[in-house]
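Q: Got a structure here, written out as structure tokens. Questions coming.
The values are calculated or read from the model by the stated rules, or taken from the named source; none is laboratory data. Everything numeric in this text was worked out from a predicted model, so none of it was measured. No Cβ is skipped: glycine too gets one built from the backbone with ideal geometry, and neighbour counts run over all protein chains shown.
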Amino acid sequence: MANKFLHAIYDDDDKLLDAVKFLKKEGVYIEDVFTPFPVHGLDKALGLEPTRISIAGFIYGCIGFAFAIFMMNYIMIVDWPQNIGGKPSFSFIENMPAFVPIMFELTVFFSAHLMVITFYLRSRLWPFKEAENPIPETTDDKFLVQIPVSDNEKELKSKVKKTDIFKIDIVENKDE
Amino acid sequence: MFVLTKKIKIFSLALIILGLFGIAFGFYSAPSTIEEAKEIIANSHHGDDHASNHDYPVEAHSSLIESSKEHNSEHSEGHEMSHDEHVFHQLANRPWAAVYVAAFFFFMISLGTLAFYAIQRAAQAGWSPLLFRVMEGITGYLLPGGIIVLVILLLSALHFNHLFIWMDPEVVEHDKIIKAKSGYLNVPFFLARGVFYLAGWSLYRYFSRKFSIAQDNSSDISNHVKNFKLSAGFLAFFIVTESMMSWDWIMSIDPHWFSTLFGWYVFASMVVSAITVIAIMIIFLKSLGYLEKVNHNHLHDLAKFMFGFSVFWAYLWFSQFMLIWYANIPEEVTYFITRLEDYQIPFFGMLVMNFILPFLILINSDFKRLNWIIVTAGIIILIGHYMDVFNMIMPSAVGDQWSFGIPELGSVMFFAGLFIYIVFDSLTKAPLEATGDPLNKESEKFVY
């Protein structure tokens with residue numbers, strides 16, 4: 001694994017997007033990009049695979065929906081039928097309209113929370129985790145493109161300089 | 001510039017003529033006397049499924065028709081007589097109601113498009129200017145379609161039919177509830193309101209279209225700014241008048257019943273049908289080689305709106321249904337009892353077609369970019385929302401004497417033909433791209 005990196009820093013998301021497109025065209029391998037906010041279209045410019053979180057979200061929603069049906073059936077019909085507003089709970093289907101808000105809420109609840117948890121797991125994020133971004137400015141107003149360097153430092157530098165750059169840094173990775 | 005092809009002309013004229021035959025057949029086969037109505041019922045007793053509902057005790061039946069004058073004025077003569085006359089009115093109403101449902105449905109598409117267009121203008125949306133001319137084409141049907149609806153309302157007021165029972169002074173005489181509402185529900189005020197709504201909407205349409213075309217060859221953006229201000233004003237006017245229009249033209253068919261979110265409910269139906277028609281029109285025009293700058297990014301956004309407003313419609317429908325179902329107050333719940341007992345297929349069918357199918361078909365992001373998926377979902381949505389209007393109007397107009405036959409199909413064909421002809425004709429009157437719009441560039445570059 002390369003332990004020497006070129007950090008190309010930009011001060012605008014449009015400049016970053018143009019630069020990434022340019023570098024990709026030049027055949028430069030970009031390992032990662034750090035931005036303070038999601039940049040629209042960056043994933044396409046980097047050629048990342050489309051996200052599958054929406055499929056996961058749909059499945060989680062189905063689980064929540066099924067769970068709500070099971071839960072309401074158990075609570076209101078099987079375990080302790082109650083007469084609410086003259087509508088005795090002896091049959092699920094006859095009382096179904098009253099359960100629809102619960103089904104809706106649990107579908108949204110499962111879908112949203114499990115999606116967030118999935119996202120955290122997939123991105124290897126957890127509480128008290130130390131930040132991975134190389135410079136803290138990427139949480140403020142700077143955009144950083146991380147390019148691994150082997151023996152092509154000069155060539156890379158000249159290519160990166162053709163873009164609308166703010167600053168170039170060469171960093172040695174100390175951990176390894 | 002779009003050129004009206006011969007094929008479209010012939011197709012729409014054929015629809016109009018076939019539809020006219022269907023409508024004429026409907027009026028011809030409707031009974032003109034009580035005896036004829038009795039005969040029709042007697043003949044249909046065997047084969048027809050829902051005619052068996054006549055075995056209901058008359059008492060149960062009359063709870064649904066409590067407002068009819070027969071029930072009140074001729075109480076002493078017994079129910080048998082009043083029941084026959086009631087059925088006669090329902091059968092006589094059927095061709096009128098069929099025409100009214102179809103007339104309102106196609107008018108509603110164009111009104112919904114006008115509202116959607118005004119939202120794009122007022123929000124100064126960047127993605128949609130390429131679609132403005134298509135929307136303006138669809139709103140070309142607003143005035144003719146609205147005049148047809150108003151003419152039907154005028155004919156009702158002149159007692160050619162019994163769609164609106166509160167227009168009958170004898171009914172009002174014997175009905176305390178309608179009497180209390182007669183300050184609002186009276187014929188002159190009703191018609192004046194209708195003219196007022198339509199005039200307001202058409203004026204906006206006229207000026208907005210004028211500014212939009214003037215912007216094409218203008219060097220500054222003054223027309224765009226005027227359109228922006230006008231649209232914002234129109235939206236405020238629209239949301240009030242649309243709500244009142246839905247009370248007047250649809251809810252008052254059932255004058256005892258009321259729902260406070262009815263205006264929103266009709267609006268949801270309106271706007272989802274409108275967006276669907278815009279999407280289908282764009283796919284059609286693109287297949288003819290027009291609108292080459294419109295791409296799947298724009299269609300994706302329209303499909304998202306189709307999906308979103310389908311869910312919105314379901315939300316409003318359920319909000320209306322659940323409160324009434326739960327509270328179970330007799331005067332409110334009759335509305336749904338009629339529909340659940342006599343209209344099971346359209347009632348549950350529309351739920352499937354307006355919510356479940358669009359939800360499942362359009363939920364996938366990639367599917368929203370495929371033309372055939374959008375067209376399939378669009379046809380389902382349009383049929384579903386026709387059924388929605390059918391469900392809103394028919395139960396109060398014809399009761400359990402409904403069916404979907406030649407009069408209904410003929411009416412749909414007639415108005416579909418008229419709609420297609422007028423919309424495509426108004427598309428020919430201006431370039432298909434609003435080139436002068438300051439946001440046009442943004443729309444061209446738009447990427448979802």
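Q: Do we have any residue at all in the stretch B:222-236 that's at pLDDT below 95, in contact with a Pro (Cβ under 9 Å, 6 or more places away or on another chain) and over 30 Å from B:V187 (Cα atoms)?
A: Taking every residue of the stretch B:222-236 in turn, at least one turns out to be at pLDDT below 95, in contact with a Pro (Cβ under 9 Å, 6 or more places away or on another chain) and over 30 Å from B:V187 (Cα atoms).
Q: Can I ask one more? For the stretch A:22-49, enumerate the residues that are in a loop (DSSP other than H, G, I, E, B), closer than 18 Å to A:P148 by Cα and of a type in the set (D, E, K, R).
A: Matches in the stretch A:22-49: A:E26, A:E31.
Q: Between residues in the stretch B:352-375 that are within 14 Å of chain A (Cβ to nearest Cβ) and residues that are acidic (D, E) and part of a helix (DSSP H, G or I), which pairs lie under 9 Å by C-beta distance while being six or more apart or on different chains?
A: B:K368/B:D301
Q: Filter the stretch A:44-53 down to residues that are without any contact (Cβ under 8 Å) to a residue 24 or more places away in the chain and within 12 Å of chain B (Cβ to nearest Cβ) and give me whichever is farthest from the chain's Cα centre (by Cα). Walk me through it before giving the result.
A: Narrowing the stretch A:44-53 to residues without any contact (Cβ under 8 Å) to a residue 24 or more places away in the chain: A:44, A:47-52.
Within this subset, residues satisfying the condition of being within 12 Å of chain B (Cβ to nearest Cβ) are A:44, A:50-52.
On the way: A:K44: 14, A:P50: 11, A:T51: 8, A:R52: 10 Å.
Among those that are without any contact (Cβ under 8 Å) to a residue 24 or more places away in the chain and within 12 Å of chain B (Cβ to nearest Cβ), it is A:K44.
Q: Write out, first by first residue and then by second, each pair whose Cβ atoms fall under 8 Å of each other, whose residues are 6+ apart or on separate chains, and whose first residue, in the stretch B:299-317, is β-branched (V, I, T) while the second is crowded, with 18+ Cβ neighbours inside 10 Å.
A: Here the result reads B:V311/B:F355, each pair linking the stretch B:299-317 to a residue that is crowded, with 18+ Cβ neighbours inside 10 Å.
Q: Go through (1) within 30 Å of A:D141 (Cβ to Cβ); (2) within 22 Å of the chain's Cα centre (by Cα) and name the single condition A:A56 misses.
A: Unmet condition: (1).
Q: Which members of the stretch A:139-174 meet the condition of being part of a loop (DSSP other than H, G, I, E, B), within 15 Å of A:I30 (Cβ to Cβ) and in contact with a strand residue (DSSP E or B) (Cβ under 8 Å, 6 or more places away or on another chain)?
A: Passing the criteria: A:V149, A:S150, A:T163, A:I165.
Q: Now a separate question. How about the stretch B:323-344: which of its residues are touching a residue at least 60 places away in the same chain (Cβ under 8 Å) and of a type in the set (V, I, T)?
A: B:I324, B:T334, B:I337, B:T338
Q: Please determine whether any residue of the stretch B:367-382 is under 24 Å from B:M413 (Cα atoms) and touching a Gly at 6+ places or on another chain (Cβ under 9 Å).
A: No, the stretch B:367-382 contains no residue that is under 24 Å from B:M413 (Cα atoms) and touching a Gly at 6+ places or on another chain (Cβ under 9 Å).
Q: Right, something else. Are any of the residues in the stretch B:411-425 touching a helix residue (DSSP H, G or I) at 6+ places or on another chain (Cβ under 9 Å) and assigned to a loop (DSSP other than H, G, I, E, B)? Before you say what the answer is, go through the steps one by one.
A: So in the stretch B:411-425, the residues touching a helix residue (DSSP H, G or I) at 6+ places or on another chain (Cβ under 9 Å) come out as B:411-425.
Going one step further and asking which of them are assigned to a loop (DSSP other than H, G, I, E, B), we end up with none.
No, there is no match, as no residue in the stretch B:411-425 is touching a helix residue (DSSP H, G or I) at 6+ places or on another chain (Cβ under 9 Å) and assigned to a loop (DSSP other than H, G, I, E, B).
Q: Hey, another quick one. Looking at the stretch B:426-448, which of its residues are acidic (D, E) and in contact with a Gly (Cβ under 7 Å, 6 or more places away or on another chain)? Step through it out loud before you land on a result.
A: Going residue by residue through the stretch B:426-448, those that are acidic (D, E) are B:433, B:437, B:442, B:444.
Hit for the stretch B:426-448 is B:E442, nothing else.
Q: With respect to B:E408, is the statement that it is in contact (Cβ under 8 Å) with a residue 60 or more places away in the chain and buried (at least 19 other Cβ atoms within 10 Å of the Cβ) true?
A: Working: in contact (Cβ under 8 Å) with a residue 60 or more places away in the chain: yes; buried (at least 19 other Cβ atoms within 10 Å of the Cβ): yes.
Yes: the conditions hold for B:E408.
Q: Kindly indicate the residue of the stretch A:86-125 that is small (G, A, S) and under 28 Å from B:F312 (Cα atoms) and also surrounded by the most Cβ atoms within 10 Å (Cβ to Cβ) among those meeting that condition.
A: Out of the qualifying residues, it is A:S111.
Q: Would you mention how many residues in the stretch B:331-351 are out of contact with any Gly (no Cβ under 6 Å at 6 or more places or on another chain) and either under 27 Å from B:L302 (Cα atoms) or within 13 Å of chain A (Cβ to nearest Cβ) (or both)? Break it down stepwise before answering.
A: Taking the stretch B:331-351 and keeping what is out of contact with any Gly (no Cβ under 6 Å at 6 or more places or on another chain), we get B:331-349, B:351.
Adding the requirement that they be either under 27 Å from B:L302 (Cα atoms) or within 13 Å of chain A (Cβ to nearest Cβ) (or both) leaves B:333, B:336, B:340, B:346-349, B:351.
Of the residues in that region, 8 qualify.
Q: Can you confirm whether A:I30 is within 14 Å of chain B (Cβ to nearest Cβ), touching a helix residue (DSSP H, G or I) at 6+ places or on another chain (Cβ under 7 Å) and under 30 Å from A:K142 (Cα atoms)?
A: Values: within 14 Å of chain B (Cβ to nearest Cβ): no; touching a helix residue (DSSP H, G or I) at 6+ places or on another chain (Cβ under 7 Å): yes; under 30 Å from A:K142 (Cα atoms): yes.
Here the answer is no, as A:I30 does not meet what is asked.
Q: Filter the stretch A:55-92 for residues that are in a helix (DSSP H, G or I) and within 13 Å of chain B (Cβ to nearest Cβ) and give the result. Break it down into steps so the answer makes sense when it comes.
A: Step one: filter the stretch A:55-92 for residues in a helix (DSSP H, G or I), giving A:55-79, A:92.
Across the stretch A:55-92, the qualifying residues are A:I55, A:G57, A:F58, A:I59, A:G61, A:C62, A:F65.
Q: Now for a different question. Go through (1) crowded, with 18+ Cβ neighbours inside 10 Å; (2) away from chain A (no Cβ under 12 Å) and name the single condition B:Q320 misses.
A: (2)
Q: Could you identify the single residue in B:E136, B:E170 that is closer than 30 Å to B:E444 by Cβ, touching a Lys or Arg at 6+ places or on another chain (Cβ under 6 Å), assigned to a helix (DSSP H, G or I) and among the acidic types (D, E)?
A: Values: B:E170 fails: closer than 30 Å to B:E444 by Cβ.
Sole residue among the options that is closer than 30 Å to B:E444 by Cβ, touching a Lys or Arg at 6+ places or on another chain (Cβ under 6 Å), assigned to a helix (DSSP H, G or I) and among the acidic types (D, E): B:E136.
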